[in-house]
2 protein chains.
Amino acid sequence: MNRNETSAFSPELETYLQEAEPSQLKELSEWLRIPSVSTLPEHKEDVERAAAWLAQKMTSIGLDNVQIIPTGGHPIVYADWLHAGTGAPTVLVYGHYDVQPVDPLEMWTSPPFEPAVRGDDLFARGASDDKGQLLAHVAAVEALLATSGNLPVNVKFLVEGEEEVGSGALTAFVPAETGKLAADVCVISDTHILSPEQPLIIYGLRGVWAGEVTVRGPSQDLHSGMFGGAVHNPNQAMCALLARLHDDAGRVAVPGFYDDVQSLSSQEREALAQVPYGDEQLLRESGAPAVWGEQGYTVTERIGARPTLEINGMWGGFVGEGFKTVIPAEAHAKVSCRLVPEQPSSAIGPMIERYLQQIAPDTVEVEVRTLQHAPATVVPLDVPEMQAGARAYARIFGVNPVFSREGGSIPIATIVQESLNVPILFMGFGLPDDNLHAPNEKLHLPNFYRGIRVGIALMEELVSS
Amino acid sequence: MNRNETSAFSPELETYLQEAEPSQLKELSEWLRIPSVSTLPEHKEDVERAAAWLAQKMTSIGLDNVQIIPTGGHPIVYADWLHAGTGAPTVLVYGHYDVQPVDPLEMWTSPPFEPAVRGDDLFARGASDDKGQLLAHVAAVEALLATSGNLPVNVKFLVEGEEEVGSGALTAFVPAETGKLAADVCVISDTHILSPEQPLIIYGLRGVWAGEVTVRGPSQDLHSGMFGGAVHNPNQAMCALLARLHDDAGRVAVPGFYDDVQSLSSQEREALAQVPYGDEQLLRESGAPAVWGEQGYTVTERIGARPTLEINGMWGGFVGEGFKTVIPAEAHAKVSCRLVPEQPSSAIGPMIERYLQQIAPDTVEVEVRTLQHAPATVVPLDVPEMQAGARAYARIFGVNPVFSREGGSIPIATIVQESLNVPILFMGFGLPDDNLHAPNEKLHLPNFYRGIRVGIALMEELVSS
């Protein structure tokens, strides 16, 4: 394969990188076979095995101080290489080795934990989010140490096993270990670029609030033939309540939700209009019948720069084959919000609960429980590390990256940014259609190999920044 | 125990009945231990075991022509005793040996298939619906045959294993076997009375329509951070659609739904007002925070005489522990309607689909699939068999039964009534708080024993009617 149009590196390193691809793929596949689903208690040992696999890999390539740090939840993996000398910057690489659940399993073309290459893509849960993207950085360090015995920068790896469940342990660890983690910049490759040929640096990620709504009616499940029509069905009440979380214009209808949201400046709207993404690509990637959303905004603005509210899950009553004429005692929903800067993430849960309780009839009771919340992250565009990142992308892809605010959330990024006082470089190698959190998650392999090269180029560019 | 205030039977029969109670309870418990859940394929063999148990019991007490009749689904059990002589009426006793699923299992105080007596109640899935109520009739026949070797009437038992899944096999069997099943009256004990001391004859049952609503959006599950706010979430669309199935006055909002519904006559409203049931009892039995329903009607009218629509189940997206920021490809709901006479049950599914498709935005697709439908049943109050039933209740309970229309549906009743041209006697022994289709289903044991006596009294009264 010859995907590096520009010869970015020394002939020796180039040769190494081309020859290493099969073993890089083999190792990633090996790691992906470990079903490290952090949300499911039955996978606890698998999560630990995935941590151990990574620690073993880090040790084998010559990293120092490799540690599997136990926590109340899943372990944190730490490793460093600090021999670049005084004056050389220190890069903190963050990633996560846990993965999302796989349901609905029947929609996977190949089993989620049996990595399968089809065309240029590697299909497996965690291929893109985030094992593949993290391993690219490990492989970048490996390549330099193997060919030169040296790195141009000091490197620290901080890898958690709880990203998909709220980063509980790391949220406490980072502020408590600011000495150990001290760095000049933090690199996070847990995002996507625009297309296989067009890199993207994300300078803003939305915050998140996630919680669970419970509607309670009768004290136990009832026979709908004997009580239907005279008792308010919690499923029905839940639908009526959730239907009122948005208005007809696609706006979130919770009072106060937009109070702290700043209007988009015309400058920012112009910048976002430059992002080569629109209705057509959205429809192609999602397979949705039509575009939807808050009136008065483009899809790029809706996804990247406006707050949203989603019903990620709901359930109540009988959900098996056939039917059961029941009125359930309770109905449930998982709701999450994506938040823009200035929105206080801690206020969202109480705000939603207040609203739902206010509009709920006295025939049911409503409760909202917060599962996680974190504010949005924004990185200034003019810091030198950001420019170094842009040059690294340009060297490998042959085109300059575009800059964008994105819809996703990486709550731990805000904590790292604030605790360690470092800029965050969100430099991903994933693609928008990688099916994160969905069946048939994949990693585009040419971008995996490019990601390794970008990792190397970034270390070099940070020295000259 | 001495629950029969009036001595209804000969001293010999009285003695037999009092002595037989422990073995009657033991046998019912034995039958209840077989988890004959007809909706779940993994219980197919249990359903067959429950049929075999009943057939064995019928043979042992001296019934003739005991047959386990295979069907495309679960078997039908038939038995008869036809030696009462010409001129004696023939009674067809209908019942079912299949039971509802048990979820949510964790809400059961004792395991659903380990019958447990607490106080005067026997707790087990199927205790009231319908094994206990059916076995009362078998025990009634057993008592007469054991003490006198004779019955005053001819008896046929017709027992199915698919009542909880739509009576598919029996729906075809009854019209095809009108000779075999020919009778003068059909008795169904699959209903409840008002209280342990107040019998009730139901002269009308509502019809039913049950179906599944599917809302489809994107072609697969999406990451809500990457697509949220720009793609219509099928969960959200489902809630908005289901919320519009009722209006603010608690009426079903589907156009045409009430077109064939007759107004309640003042005479009927007066009769229903006599039923000693109201808001207070409804709240006590259901544990609901408040009464709900169609404005302008009492709870007795809402449950018994008005059509209703219920969301029996709904599900979509992630429903596990923690959270997953997903936009699901599909959302689902189980919906059912209770129908009053004159409402054409076959029209309901298309009517709901038409309405939902009309109000659905073009951002999603909606489909409604019918699972089952059957019209309502009404029995004239003035037929002699109805009066015989009333006398039988009065002899055993010491008070006259009240007559009521009820909310539930027994679709096969309509088919029996029409195919065999017989009146249906809905004479139950269950109670409104028996937790049918819910955790902690129970049978009030004094009523089980009274039910056996009512079964005997009914055979005697039918001769003199």
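Take residue A:236 and decide whether it is buried (at least 16 other Cβ atoms within 10 Å of the Cβ), within 9 Å of chain B (Cβ to nearest Cβ), closer than 30 Å to residue B:277 by Cβ and free of Cβ contacts under 8 Å to residues at least 40 places away in the same chain.
Considered against the rule, which asks whether it is buried (at least 16 other Cβ atoms within 10 Å of the Cβ), within 9 Å of chain B (Cβ to nearest Cβ), closer than 30 Å to residue B:277 by Cβ and free of Cβ contacts under 8 Å to residues at least 40 places away in the same chain, residue A:236 comes out as yes.
Looking at the range A:239-273, which of its residues are more than 28 Å from residue A:441 (Cβ to Cβ) and in contact with a Ser or Thr (Cβ under 9 Å, 6 or more places away or on another chain)?
A:252, A:269, A:271, A:273 - these are the residues of the range A:239-273 that are more than 28 Å from residue A:441 (Cβ to Cβ) and in contact with a Ser or Thr (Cβ under 9 Å, 6 or more places away or on another chain).
Among the residues of the range B:258-277, is there at least one that is under 22 Å from residue A:361 (Cα atoms) and either within 7 Å of chain A (Cβ to nearest Cβ) or free of Cβ contacts under 8 Å to residues at least 12 places away in the same chain (or both)?
There is no residue in the range B:258-277 that is under 22 Å from residue A:361 (Cα atoms) and either within 7 Å of chain A (Cβ to nearest Cβ) or free of Cβ contacts under 8 Å to residues at least 12 places away in the same chain (or both).
Across the range A:90-110, which residue is surrounded by the most Cβ atoms within 10 Å (Cβ to Cβ) among those that are touching a residue at least 24 places away in the same chain (Cβ under 8 Å) and at the interface with chain B (Cβ under 10 Å from one of its Cβ atoms)?
Of everything passing the filter in the range A:90-110, A:100 is surrounded by the most Cβ atoms within 10 Å (Cβ to Cβ).
Consider the range B:136-193. How many of its residues are within 14 Å of chain A (Cβ to nearest Cβ) and assigned to a loop (DSSP other than H, G, I, E, B)?
Within the range B:136-193, residues that are within 14 Å of chain A (Cβ to nearest Cβ) and assigned to a loop (DSSP other than H, G, I, E, B) number 7.
Does residue B:139 qualify as being under 19 Å from residue B:16 (Cβ atoms) and surrounded by fewer than 24 Cβ atoms within 10 Å (Cβ to Cβ)?
Judged against the criteria, residue B:139 is not a match.
When the range B:200-209 is examined, which residues are found to be part of a strand (DSSP E or B) and either within 7 Å of another protein chain (Cβ to nearest Cβ) or more than 22 Å from residue B:354 (Cβ to Cβ) (or both)?
Within the range B:200-209, B:200, B:201, B:202, B:203, B:204, B:205 qualify.
If I filter the range B:28-39 for residues that are within 14 Å of chain A (Cβ to nearest Cβ), in contact with a Pro (Cβ under 6 Å, 6 or more places away or on another chain), part of a loop (DSSP other than H, G, I, E, B) and within 18 Å of residue B:164 (Cα to Cα), do I get at least one hit?
Yes, there is a match, as at least one residue in the range B:28-39 is within 14 Å of chain A (Cβ to nearest Cβ), in contact with a Pro (Cβ under 6 Å, 6 or more places away or on another chain), part of a loop (DSSP other than H, G, I, E, B) and within 18 Å of residue B:164 (Cα to Cα).
Take the residues in the range B:282-340 that are at the interface with another protein chain (Cβ under 7 Å from one of its Cβ atoms), assigned to a loop (DSSP other than H, G, I, E, B) and of a type in the set (Val, Ile, Thr); name whichever of them is surrounded by the most Cβ atoms within 10 Å (Cβ to Cβ).
Across the range B:282-340, the extreme among qualifying residues is B:325.
So, in the range B:142-161, of the ones that are out of contact with any helix residue (DSSP H, G or I) (no Cβ under 9 Å at 6 or more places or on another chain) and within 23 Å of residue B:21 (Cβ to Cβ), which residue ends up surrounded by the fewest Cβ atoms within 10 Å (Cβ to Cβ)?
B:149
What residue, of A:463, A:379, is in contact with a Phe, Trp or Tyr (Cβ under 6 Å, 6 or more places away or on another chain) and among the β-branched types (Val, Ile, Thr)?
Every option except A:379 fails the conditions.
Which one of these is surrounded by 21 or more Cβ atoms within 10 Å (Cβ to Cβ), assigned by TED's automatic domain parsing to the domain that holds residue A:443, more than 24 Å from residue A:303 (Cα to Cα) and within 17 Å of the chain's Cα centre (by Cα): A:122, A:181, A:170?
A:170
Could you please let me know if residue B:360 is modelled with pLDDT of 95 or more and within 14 Å of chain A (Cβ to nearest Cβ)?
In short, yes.
Name the one entry in A:413, A:392 that is crowded, with 21+ Cβ neighbours inside 10 Å, in the same structural domain as residue A:175 (by TED's automatic domain parsing) and more than 19 Å from residue A:8 (Cα to Cα).
A:413
Just checking, which of B:411, B:401, B:423, B:439 is in contact with a helix residue (DSSP H, G or I) (Cβ under 6 Å, 6 or more places away or on another chain) and within 14 Å of chain A (Cβ to nearest Cβ)?
Unique residue meeting the criteria: B:439.
Would the range B:343-350 turn up any residue that is among the β-branched types (Val, Ile, Thr), more than 13 Å from chain A (Cβ to nearest Cβ) and surrounded by fewer than 19 Cβ atoms within 10 Å (Cβ to Cβ)?
No, there is no match, as no residue in the range B:343-350 is among the β-branched types (Val, Ile, Thr), more than 13 Å from chain A (Cβ to nearest Cβ) and surrounded by fewer than 19 Cβ atoms within 10 Å (Cβ to Cβ).
Residue B:248 versus (1) closer than 20 Å to residue B:353 by Cα; (2) more than 7 Å from chain A (Cβ to nearest Cβ); (3) free of Cβ contacts under 8 Å to residues at least 24 places away in the same chain; (4) not β-branched (Val, Ile, Thr): which is the lone unmet condition?
(1) is the only condition that residue B:248 fails.
Out of the residues in the range A:184-209 that are closer than 28 Å to residue B:224 by Cβ and among the charged types (D, E, K, R), which is nearest to the chain's Cα centre (by Cα)?
Applying the filter and picking the extreme gives A:190.
Out of the residues in the range B:210-233 meeting the condition of being more than 7 Å from chain A (Cβ to nearest Cβ) and closer than 22 Å to residue A:237 by Cβ, tell me which one is farthest from the chain's Cα centre (by Cα).
Ranking the candidates gives B:215 first.
Condition first: under 24 Å from the mean Cα position of the chain (by Cα) and of a type in the set (Ser, Thr, Tyr). Now tell me which residues in the range B:259-291 satisfy that.
Across the range B:259-291, the qualifying residues are B:277, B:286.
The values are calculated or read from the model by the stated rules, or taken from the named source; none is laboratory data. Just so you know, these numbers come straight off a predicted model, no measurement behind them. Note that we place each Cβ from the backbone using ideal geometry, even for glycine, and neighbour counts take in every protein chain shown.
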